[in-house]
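Below you'll find the structure, written out as structure tokens, and then a few comments.
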Amino acid sequence: MFQITVEDSFAAAHRLREYEGKCRQLHGHNYRVRVSLEGEQLDETGLLMDFGEVRRLLREIIEPFDHRLLNDVPPFDTLNPTAENMAKYFYEELSERLPVRIAEVRIWETEGAAAAYRA
């Protein structure tokens, strides 16, 4: 099994709905997103998938959220913008664009706090 990983980052603010604690208040993060892909077969050039293409697709999904208030941007205008929900959203959006299987999407809100989604 082959696996490749690409990371990117973005800055955004959010507030958690229906949450009792500090994160109920408006605050921001420098999010880091890691996408790991896996597959049994390489293409004719010996790649599972081109890193640049994966990064480009990931950037397309990140772009609407970068330097924005997540609570104002669909789907997080109705879906609570937790790291868990964000990881699942990125997974689902990337799954529609990628020809290989996603092993995991992991999103860090801080250096020591991350959430992951894998199907």
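No value in this document is a laboratory result; all are computed from the given coordinates. If you're wondering where the values come from, they're calculated on a predicted model, not measured in any experiment. Cβ coordinates were reconstructed from backbone atoms using ideal geometry, including for glycine residues, and neighbour counts include every protein chain displayed.
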Charge tally for neighbours of residue 116 with beta carbon under 11 Å away, counting Lys, Arg as +1 and Asp, Glu as -1, is +2
Degrees separating the helix 83-97 axis from the principal Cα axis of the chain, which is the longest one:
40 degrees
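If R0 is 30 Å, what FRET efficiency do you get for residue 42 and residue 78 from their C-beta distance, rounded to 0.05?
Rounded to the nearest 0.05, the efficiency is 0.15.
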GNM on the chain, C-alpha springs below 10 Å: top fluctuator among 91, 31, 19?
19
Enter the angle in degrees (range 0 to 90, nearest 10) between the Cα long axis of helix 51-62 and the first principal axis of the Cα atoms of the chain, meaning the one along which they spread out most.
20 degrees
So what are segment 2-117's ellipsoid semi-axes, whole angstrom, largest first, if each one is the square root of 5 times an eigenvalue of the alpha-carbon gyration tensor?
29, 13, 12
Unit charges at the beta carbon, dipole of the chain: most positive-side option, 48, 105, 73:
73
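How high is the FRET efficiency from residue 11 to residue 50, r the C-beta distance, R0 30 Å, rounded to 0.05?
0.70
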Rh_Kirkwood(segment 55-97) over Cα pairs, Å, one decimal, evaluates to 10.7 Å
